[in-house]
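Got a structure for you, questions after.
The values are calculated or read from the model by the stated rules, or taken from the named source; none is laboratory data. This one's a predicted model, so the numbers in the text were calculated from it and none came from an experiment. Virtual Cβ from ideal backbone geometry, glycine too; neighbours counted across all protein chains shown. Side chains are part of the model used for accessible areas, which takes the heavy atoms of the whole protein and leaves out ligands, DNA and RNA. Shrake-Rupley method; radii C 1.70, N 1.55, O 1.52, S 1.80 Å.
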Amino acid sequence: METKDILKKVKKIEIKTRRLSDHIFSGEYHTSFKGRGMTFAEVRQYQFGDDIRSIDWNVTARYNEPYIKVFEEERELTLMLLVDMSASEQFGSTDQFKNEIVTEIAATLAFSATQNNDKIGLLLFSDQIELYIPPKKGKSHVLRIIRELVNFKPKSKKTDVSQALEYLSKVLKKKAIVFVLSDFLTADYEQTLKISAKKHDITGVRVYDLREKQLPQLGLISVIDAETDQNIWVNTNDKAVREEFEKNYLAHEAYFQKTFYKCGAGVIQMHVEESYVKKLLGYFKSR
């Protein structure tokens, strides 16, 4: 993609997702994700209905009338986007590929975090760490993140969610809001997720295509695994083959859901034809 085409695509994504975050998600995001605690703001005169446990006895004694301490939420948070860049993300049987939906979701979350003056970081992964952008504030930083999501070329085609979570724990010492965006066509990440979820507020966003679940009857076809480049001939008219294909897909789906729930992490699942707006809003409200 040429530079002008990249900028045009970034601008298109910005316009769409920023409008969503401005009018829909910023308030929901703020409500869903709490700050690190409460910090002292000021002292004011006691008013009827105030909690007497908040009375500042030193100031009260000095002025001979009751004063209370006022606290406010320590709001600044860090949002980390862990995005799967493996080859299976570049699949789509409709108008959009999975990675295009993932990019829009990531951009919407990033702009929502910006509305709340939070820092945003990005970690692109395959079966290795492809790119790490440390958390930072500002619109220009968010645009850089979108640009990387649009144009980054990964070195590997495979997937390893566990390695991404392990790397996150090394580079981020403080608690963060973490969204892992992937199709999760992989396994063996339960132990790493369990450790990471104790430290961070993690949500898994599984974006999939309906064609990945059921194999259509097309006769004898040549199939290439996007992540291994393995080429095999498959008889799609064979019922046993189709059942095995679906069984394998459902195993990944079940592992994802069971593992994230078990580790106390959030779960969002959507296929490419669904509205991610409704899915995100529903998730935020459920929190």
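For Tyr208, enumerate residues with amide H under 5 Å from its amide H, sequence gap 5+ or separate chain, H modeled in the peptide plane.
Met270, His271, Val272
Pop a pseudo-label 7 angstrom from the Cα along the beta-carbon direction at both Phe48 and Arg19 and give the gap in nm to one decimal.
The answer from the label model is 4.9 nm.
Starting from the Cα of Tyr249, step 7 Å along the direction of its Cβ; do the same at Lys136; then give the gap between the two resulting points in nm.
Result: 4.1 nm between the two label points.
Work out, step by step, the length gained on full extension between Ser156 and Ile224: first 0.36 nm times the residue separation, then minus their alpha carbon distance; give nm to one decimal.
22.9 nm
Using R₀ = 30 Å, calculate the FRET efficiency as 1/(1 + (r/R₀)^6) where r is the Cβ-Cβ separation of Tyr283 and Ser169; round to 0.05.
0.80
May I pose another question? Could you tell me what percent of the accessible area of segment 100-191 is made up of carbon and sulfur, with a 1.4 Å probe and every protein chain present?
45
Roll a 1.4 Å probe over the protein chains and send me the accessible area per residue for segment 229-275 in Å².
Ligands and nucleic acids excluded, the figure is 62 Å² per residue.
Another question about this same structure. Nearest 10 degrees is fine. How inclined is helix 239-262 to the longest principal axis of the chain, computing both from alpha carbons?
Helix 239-262 sits at roughly 10 degrees to that axis.
Then there's this: Could you grab the relative contact order for segment 140-287? Cα pairs under 8 Å, six or more apart, rounded to a whole percent.
24
Amide H neighbours of Ala176 under 5 Å, counting only residues 5+ apart in sequence or on other chains, H built in-plane at 1.01 Å?
Answer set, sorted by chain and number: Asp201.
Which order do the peptides 212-218, 103-109 come out in when sorted by mean C-beta neighbours inside 10 angstrom, highest first?
Sorting 212-218, 103-109 by mean packing, highest first, produces 103-109, 212-218.
Right, something else. Which value in nm describes the separation of the simple spin-label points at Asn64 and Ile129, placed 7 Å from the Cα toward the beta carbon?
Result: 6.4 nm between the two label points.
For segment 242-287, what % of the accessible area comes from carbon and sulfur atoms, probe 1.4 Å?
For segment 242-287, the apolar C and S fraction of the accessible surface comes to 50 percent.
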